[in-house]
Amino acid sequence: MENRGLDPVPDHERTGRVRTLFPTWVTANLTVLLLTVGAGLTVFNGLNVWQVLAVAVMASVLSFGLVGLVSVAGKRGGAPGMALSRAVFGQRGNLFPGALLWVVRWGWETVNAVTGSYALLAVLHLLFGVRSTPTLILVTLTAFVAGGFLVSGIGIGALRVASGVSVGLFGGASLLVLGHLVGTAPWRSVLEQPPGPAAMMVAGVGTLVAGGLSWVPSAPDFARYLPRSAPDRAMVAAAVGGALVTIPPMVATGAVMAVSSPHLAVAKDPVAFIGELLPRWLSVPYLLTAVIGMVLVNAMSMYSAGFTAQTLGFAVPRAWAVGVNATISLLLGGTLMLVATSFVDTFLSFLALLGVTFSAWTGVFGVDLLRGRVYDSAALMDTRPRSGYWYSGGYSRQAMAAWGAALVVGLLFTDVEWFTGPLGTSWTGRHGLGWAVTILVAAGVYAALPRPADGTVGAPARF
């Protein structure tokens with residue numbers, strides 16, 4: 001079990017390898033929700049399969065390029081992302097973006113838990129004809145959340161091993177599905193689809209990027225065991241490569257399926273359609289491997305959320321901090337599965353808000369990283385006024401101003417199921433680009449302001 005929490009990893013313990021990042025970022029995208037998104041790009045956005053592929057590739061490069069960039073901070077500082085964020089926002093200032101990102105991560109974990117539970121229910125129905133009931137829903141949800149808690153509670157070693165196994169299993173099952181589609185899909189209808197408007201491609205990129213951005217603050221968490229000599233370019237390539245081998249094939253598969261089954265894009269249960277479209281011998285193993293993949297997606301998210309909880313002042317061991325998030329996702333997941341009438345609408349609305357909240361932090365943190373930030377491990381862990389990252393009253397005013405301005409502007413351009421900002425009906429808002437505006441404002445404002453001076457200028461990292 002990994003016992004290290006927020007404290008930076010000393011050099012002699014940094015025995016990781018860059019190659020371990022590739023299966024990590026593949027695993028981060030092992031969710032059948034990508035099939036649903038691909039179907040939505042065809043049914044709602046009117047895109048053909050080639051446009052869907054282009055959208056998926058562009059979104060993968062944009063979002064996971066940022067994931068790879070920010071993961072470099074983990075190598076430099078040896079600490080989790082939200083601990084390193086203290087150097088940017090100040091010891092007190094970091095509580096604000098930290099609290100917001102923690103709450104938003106509840107939603108991300110809930111969505112994954114619900115999807116995994118639906119997959120388990122689909123397997124039970126296919127094998128035994130069992131129909132879901134409120135009790136069975138809660139049982140499967142509890143089992144799913146418990147699996148994620150177990151892996152994330154053990155720590156980074158378990159995540160690495162499980163990711164490698166999951167990538168192999170899910171990759172093999174996905175190849176079988178693709179092979180089946182090659183022989184059974186209505187290819188004439190698929191290939192004869194007219195192209196959709198370019199504006200809908202832009203909107204599709206916005207939808208997919210939002211999901212990738214949710215991993216940006218977590219990126220240092222999985223890179224902090226790498227030696228300082230690990231090449232930055234290889235780290236970025238591992239993140240982008242992990243996304244490219246997962247997102248485009250799955251999104252395109254969903255688009256192909258939607259040609260013959262357009263209801264896939266509007267189903268309340270986002271995975272039951274697999275049992276309808278695939279033979280039982282293929283749908284059952286595919287769903288089971290998908291469940292394993294989604295358990296690990298949730299485990300990765302819980303792993304990072306535990307660190308975030310610790311930065312917010314939860315004075316408990318890392319595994320207990322993970323348990324807080326597990327409990328919250330269980331409660332919220334049960335509510336969503338028993339009450340929500342449209343999973344897809346709820347999911348897409350959540351993605352839009354997700355993009356704004358994570359983009360505001362990413363813009364500020366990214367610029368700070370590109371300025372050549374050197375992290376002082378003692379100052380990161382010292383939350384008292386004498387800390388080198390105390391700034392003015394515990395706040396970096398420049399970082400807080402850029403983050404706050406970006407968050408407000410991003411919400412102005414947000415248009416979701418339950419909230420529409422004043423500019424949400426503009427071209428930018430209607431096409432889901434609130435995240436892009438947010439990150440540009442955050443980065444632009446912070447870059448334009450004078451670089452804040454901390455109490456560690458010129459000091460080397462200490463262990």
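The values are calculated or read from the model by the stated rules, or taken from the named source; none is laboratory data. The structure presented is a predicted model; accordingly, all values stated were derived computationally and were not measured. Using ideal geometry, Cβ is built from the backbone for each residue, glycine included, and neighbour counts are taken over all protein chains shown. SASA here: full protein model, heavy atoms, side chains in, ligands and nucleic acids out. Shrake-Rupley method; radii C 1.70, N 1.55, O 1.52, S 1.80 Å.
So here's what we get for this one:
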| read-out | value |
| --- | --- |
| Within the chain, helix-based [θ] at 222 nm, where runs of 4 or more DSSP H residues each add -39,500 (n - 2.57), nearest 500 | -22500 deg cm²/dmol |
| Spacing of the two label points (7 Å from each Cα toward its C-beta) at residue 312 and residue 15, in nm | 3.4 |
| Nearest-20 debye value, the range 1-93 charge dipole, Cβ charges on Lys, Arg, Asp, Glu | 200 |
| Extension gain, residue 182 back to residue 281 (0.36 nm per residue minus Cα-Cα distance, nm) | 34.0 nm |
| Residue 103/residue 124 FRET efficiency (R0 25 Å; Cβ-Cβ; nearest 0.05) | 0.20 |
| Cubic angstrom per residue, convex hull over Cα atoms of the range 174-267 | 152 |
| Positive-end residue, the chain charge dipole about Cα centroid, Cβ charges, pick of 52, 389, 405 | 389 |
| Largest-first ordering by accessible area, 1.4 Å probe, given options 192, 13 | 192, 13 |
| Global form of the range 136-180, assessed from the alpha-carbon gyration tensor, a/c cut-off 1.5 | oblate |
| Listed residues 85, 229 arranged by accessible area, highest first, probe 1.4 Å | 229, 85 |
| The chain: mean projected area of Cα convex hull, nm² | 20.3 |
| Selection from 104, 180, 231 lying farthest towards where the dipole of the chain points positive, charges on Cβ | 231 |
| Cα-projected label distance for residue 430 with residue 449, points at 7 Å along beta-carbon direction, nm | 3.5 |
| Most to least accessible of 154, 328, 247 (protein chains only, probe 1.4 Å) | 154, 328, 247 |
| Along each principal axis, Cα extent of the range 34-186, largest first, Å | 55, 42, 31 |
| D (Stokes-Einstein, µm²/s), Kirkwood Cα radius, the range 1-95, 1.567 mPa s at 4 °C | 79 |
| Magnitude of the charge dipole, the chain, Cβ model with Lys/Arg +1 and Asp/Glu -1, debye to 20 | 920 |
| In Å², nearest 10: area of residue 22 left accessible to a 1.4 Å probe | 80 |
| Pairwise label distance in nanometres, residue 288 with residue 381, each label 7 Å out on the Cα-Cβ vector | 4.5 |
